[in-house]
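First comes the structure, then the notes that go with it.
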Amino acid sequence: MNFTLNQLRIFVSIARHNSITKAAEELHLTQPAVSIQLKKLQEQFEFPLTEIINKRLFLTDFGKEIAKAAEGILTEAENITYKSHDYKKELYGHLKISIVSTGKYIMPYFLSGFLKKHPSVTVTMDVTNKSRVIQNLENNEVDFSLVSILPGNLRLNKVELLENKLLLVGNKETLRQVKEPATLFKEMPLLLREQGSGTRQTTEKFLARKKLTIHKKMELTSNEAVKQAVLAGMGYSIMPLIGIKNELEQGLLQVIPLRGLPIKTTWSLIWLKEKKISPVADAYLEYLRSEKEQICNIHFAQSLTG
């Protein structure tokens, strides 16, 4: 046998996703590169590792056994590296974090100091919607997830990081056209995130609680797209303060006063109760617990009081 750790790592990713495309995305490789390494690994074995059925890739029973063994080999290889760095008293490892899209405005601030302190630690941060974030967590594909609304169907541990405020906003032209919010709801489109978004979920719960009927809706697939649409006067939206504070300060967006707003939730870093925390993940949790208050005071004081 002459396989490499890199080939095993690629095969484990293919096994996890049942997809060469998704493995390539996860590992930041091209699809041809992944396919070549899979082919080279397959050449080491007499029996097939994968099969294609109805244009979909599946592991054979033999392939499942090899994938399981490969995970064990990779874990042991990582442990050897840990021991080497531990001998030098240097923290080493890889953090995998999945965050909802608005989380990109805050998560880097809770990571940068830790990474400067431990330069041998690397991070993969997947920015997506809430549904995918929870799926990543359930499938044990990440160490942590960042959410503003806790899922109710999972047994979780959490570290609360920061308050999240959502405001009703529009541009100057929108406000000139509207004398009161009731008129706004009747005449202009409400700009919403896609289904599966935490902001969408929070907005719809608020509207239902207030018994507000929305006559026009428009759906967009990112917070940035919603913000640009509001800036262009295409409608109004309920948006997290953390993502629009610069536009509010510059007067490009303005808050539309409405009873019951702002909506307040909490940004939390969560992980499964059954999760076996790696040394680097455990060190990161200790860092957050000791440093999060200072991080909030330095970088988010205005967001907390605004």
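Readers should treat all values here as calculations from the given coordinates under stated rules, not as data from a laboratory. All values reported here derive from a predicted model rather than from experimental measurement. So basically every Cβ, Gly included, is an ideal-geometry build from the backbone, and we count neighbours across all protein chains shown.
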Who wins for biggest fluctuation among 95, 168, 29 in a Gaussian network model of the chain, springs between alpha carbons below 10 Å? 29
Could you work out how far helix 31-42 tilts from the main Cα principal axis of the chain, as a 0 to 90 degree angle to the nearest 10? 30 degrees
Of the peptides 286-293, 6-13, 131-138, how do they stack up when ordered by the mean number of other Cβ atoms within 10 Å, highest first? 6-13, 131-138, 286-293
Mean ellipticity per residue at 222 nm, deg cm²/dmol - from DSSP H runs of n ≥ 4 across the chain, formula -39500 (n - 2.57): -14500 deg cm²/dmol
Once the Cβ-Cβ distance between residue 104 and residue 46 is put in as r, and R0 is 51 Å, what FRET efficiency do you end up with, to the nearest 0.05? 0.60
Of 195, 185, 243, which is farthest along the charge dipole of the range 164-265 in the positive direction, counting Lys and Arg as +1 and Asp and Glu as -1 at C-beta? 185
Mean-square fluctuation check for the chain, GNM, Cα pairs under 10 Å: which of 262, 240, 119 is largest? 119
Loop only by DSSP, 10 or fewer other Cβ within 10 Å of the Cβ. Give me the trypsin sites (Lys or Arg not before Pro) in the range 33-62 that pass, ordered by residue number. 55
Go ahead and set up a Gaussian network model of the chain, Cα springs under 10 Å, then flag whichever of 72, 235, 196 fluctuates most. 72
Where the only charges are on Cβ atoms (+1 Lys, Arg; -1 Asp, Glu), what is the dipole of the range 1-68 about its Cα centre, to the nearest 20 debye? 180 debye
In range of the label at residue 22: residues from the range 131-158 whose backbone nitrogen is under 17 Å from the point 7 Å along Cα→Cβ: 131-143
Percent antiparallel among DSSP beta bridges confined to the chain, nearest 5, equals 60 percent
Given charges at Cβ of Lys, Arg, Asp, Glu: the chain dipole, positive-most of 18, 277, 102: 102
Between residue 225 and residue 172, what is 0.36 nm times their sequence separation minus the Cα-Cα distance? Round to one decimal in nm. 17.3 nm
Please report 299, 28 as a ranked list, fewest other C-beta atoms within 10 angstrom at the top and most at the bottom. 28, 299
Once you have the alpha carbon radius of gyration of the range 1-65, what is it after dividing by 2.2 N^0.38 Å, with N set to its residue count? 1.01
Residue-span extension gain [residue 276 to residue 53] - 0.36 nm each, minus C-alpha spacing: 76.8 nm
Quick check: the angle from helix 5-17's long axis to the longest principal axis of the chain, C-alpha only, nearest 10 degrees? 50 degrees
Counting Lys and Arg as +1 and Asp and Glu as -1, each charge on the Cβ, what is the dipole of the range 164-265 about the Cα centre in debye, to the nearest 20? 460 debye
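Pairwise over distinct Cα atoms, reciprocal of the mean inverse distance: report the Kirkwood radius of the range 170-306 in Å, one decimal place.
This gives a value of 17.2 Å.
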